[in-house]
Amino acid sequence: VLVQDVDYTVQLEHNKKIGYATVNIIGINGYKGETKKQTFRIVPKPVKGKKIKVKKDGNNLVVSWSRIGKNYDGYEIQFSTDSHFIKGTSKQYGVYDKKKKKTSYTITSLTSGKTYYIRVRNYKNVRIGKKTEKFCSEWSKTIKMKLK
C-alpha cells in the first residue's frame, strides 16, 4: 500500500471553479519518475431538499425553487409521467433569468388525472478554449404530483 507524502505527492490544478480540474500524482523516493495525471469535472452544487416546491394551477404545475448562490447561468426542469424519466419526458432549459432573478416556471397543458414527476438542476456555461461547455449539477430529489 502506497503512502501519501512518503511514496507520492498530490498536486491539484484549477480545482476551485466549475469546469475541468486536474490532479497530478507524482512518485517520490522509490517511486521517483512515476506520474499519473487525471482530469475531472467540477459541477455546480445541486438544488436540494425543501428548496423546490410544486403547486397545481388547473392543468398546469408551477415549479419554484430557492436560489443557491450566484455561480450558475440557469436551471433545467425535467418532468415526466414516468418516475424513471425514460419515456414521456420533457426538459425545459434555461428557465432562469439572472436580471429578473426568476426562480419559477409554469409547466402548461398537462393532462388531468395523470401523475407527473418533476426535478430541477442548475448549470453553468464555462468557456474552455474557443468553446463553451455546459456543466450541470445533479438532479434534485424528484417531486411527484397528480393532477385532478
Notebook entry, point to check: Taking the range 36-55, which residues are open to solvent by 80 Å² or more (accessible area, probe 1.4 Å) and closer than 22 Å to Thr108 by Cα?
Noted result: Lys51, Lys53, Lys55
Check: Glu76 fails exactly one of the following numbered conditions: (1) charged (D, E, K, R); (2) modelled with pLDDT of 90 or more; (3) surrounded by 14 or more Cβ atoms within 10 Å (Cβ to Cβ). What is the number of that condition?
Finding: (2)
Next item on the list: Could you look through the range 79-135, keep only residues that are at pLDDT below 85 and of a type in the set (Phe, Trp, Tyr), and pick out the one that is surrounded by the most Cβ atoms within 10 Å (Cβ to Cβ)?
Entry: Tyr96
Check: What pairs come up if the first residue lies in the range 25-54 and is touching a residue at least 12 places away in the same chain (Cβ under 8 Å) and closer than 16 Å to Arg121 by Cβ, the second is open to solvent by 70 Å² or more (accessible area, probe 1.4 Å) and among the charged types (D, E, K, R), and their beta carbons are under 6 Å apart, counting only those six or more places apart or on different chains?
Finding: Pro46/Glu138
Item checked: So Val1, is it over 27 Å from Lys144 (Cβ atoms), among the β-branched types (Val, Ile, Thr) and free of Cβ contacts under 8 Å to residues at least 60 places away in the same chain -> yes
Check: For the range 103-139, how many residues are under 17 Å from the mean Cα position of the chain (by Cα) and assigned to a loop (DSSP other than H, G, I, E, B)?
Finding: 4
Checklist line | Residue tally, condition part of a loop (DSSP other than H, G, I, E, B), within 23 Å of Tyr72 (Cα to Cα) and open to solvent by 70 Å² or more (accessible area, probe 1.4 Å), over the range 1-30 | finding: 3
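The values are calculated or read from the model by the stated rules, or taken from the named source; none is laboratory data. A quick note: this is a predicted structure, and the numbers were derived from the prediction, not measured. So basically every Cβ, Gly included, is an ideal-geometry build from the backbone, and we count neighbours across all protein chains shown. When the accessible area is computed, the model is the full protein with side chains, heavy atoms only, and any ligands, DNA or RNA have been set aside. Shrake-Rupley method; radii C 1.70, N 1.55, O 1.52, S 1.80 Å.
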